[in-house]
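Below you'll find the structure, written out as C-alpha cells, and then a few comments.
The values are calculated or read from the model by the stated rules, or taken from the named source; none is laboratory data. Nothing here was measured: the structure is a model prediction, and the numbers come from that model. A quick note on method: Cβ atoms are made from the backbone with ideal geometry, for glycine too, and the neighbour counts reach across all protein chains shown.
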Amino acid sequence: MEEFTDENQAWDHNKNEKHFRDNAQQWGDRITIIKGRSLAVIDQIPDNSMDFIFHDSDHSYPFVKNEIQAYLPKLKSGGYSMGDDYNWGTVERSVKEAFGEKHRVTGKGVWYAVKD
Ligand SMILES: C[S@@+](CC[C@H](N)C(=O)[O-])C[C@H]1O[C@@H](n2cnc3c(N)ncnc32)[C@H](O)[C@@H]1O
C-alpha cells in the first residue's frame, strides 16, 4: 500500500487508514476509498452520489467554506453536509457563510445542513 505522507505529522495517516479499512469492510462495495487532497480528487466523484460529506480537513477560512461549496453538487438531495470543530472561529464563519440559517450544531460541536 502506498504510504500517505503529510506535512502534519501529528496524524498517523497510515494507522488511521488501516483502522478505517478494517471498519469499512462490513459495507463491502458501498464504500469507495479515494485518497488525496479534497479539492484535487473532487472530479473523481459523480454529482448527486453522496449520502453525506464529513468535512474534517483544513479547518481554515475560507478553505472550509470553499470546500463545502465545491462539494455540495456531490451530495444527493436530502444528504448531509457536516463536520466538527464548530467552536473554531474559522469553521463557524465558513459554515455560516455557506449555509446561513440552514445549519444546525450539536452539543459536541458537530455541525450539519441538509441539502434541498
Ligand atoms: C483534524 S485531522 C482529521 C483526520 C481524520 N479525519 C481523523 O479523524 O483521524 C485533519 C486531517 O486532514 C488533512 N487535510 C488537511 N487539508 C486537507 C485537504 N484539503 N484534503 C484532505 N486532507 C486534508 C490533514 O493532513 C489532517 O491529517
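So, in region 90-116, of the ones that are more than 20 Å from Met50 (Cα to Cα) and touching a residue at least 24 places away in the same chain (Cβ under 8 Å), which residue ends up nearest to the ligand (Cβ to nearest atom)? This residue is Val91.
Would you mind stating whether Gly107 is exposed (fewer than 13 other Cβ atoms within 10 Å of the Cβ), at pLDDT 95 or above and not β-branched (Val, Ile, Thr)?
Working: exposed (fewer than 13 other Cβ atoms within 10 Å of the Cβ): yes; at pLDDT 95 or above: no; not β-branched (Val, Ile, Thr): yes.
Criteria not met by Gly107.
When you check Ser81 against the structure, is it more than 9 Å from the ligand (Cβ to nearest atom) and either of a type outside the set (A, V, I, L, M, F, W, C) or in a helix (DSSP H, G or I) (or both), yes or no? Spelling it out, Ser81 is indeed more than 9 Å from the ligand (Cβ to nearest atom) and either of a type outside the set (A, V, I, L, M, F, W, C) or in a helix (DSSP H, G or I) (or both). Against the conditions (1) loosely packed, with under 13 Cβ neighbours inside 10 Å; (2) of a type outside the set (S, T, N, Q); (3) within 14 Å of the chain's Cα centre (by Cα), Trp11 satisfies every one except (3). The residues in region 13-42 that are within 14 Å of the ligand (Cβ to nearest atom) and of a type in the set (Phe, Trp, Tyr) can be counted, and the count is 1.
Yes/no per residue for (1) more than 24 Å from Val114 (Cα to Cα); (2) of a type in the set (Lys, Arg); (3) touching a Leu at 6+ places or on another chain (Cβ under 6 Å):
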| residue | (1), (2), (3) |
| --- | --- |
| His13 | yes, no, no |
| Arg21 | yes, yes, no |
| Gln26 | yes, no, no |
| Ile45 | no, no, no |
| Ser60 | no, no, no |
| Lys76 | no, yes, no |
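Annotation note: Cβ proximity below 8 Å between a residue of region 19-42 that is within 18 Å of Ser57 (Cα to Cα) and a residue that is of a type in the set (Val, Ile, Thr) and modelled with pLDDT of 95 or more (sequence gap 6+ or interchain) occurs for Ile34/Val41; Ile34/Ile45; Lys35/Val41.
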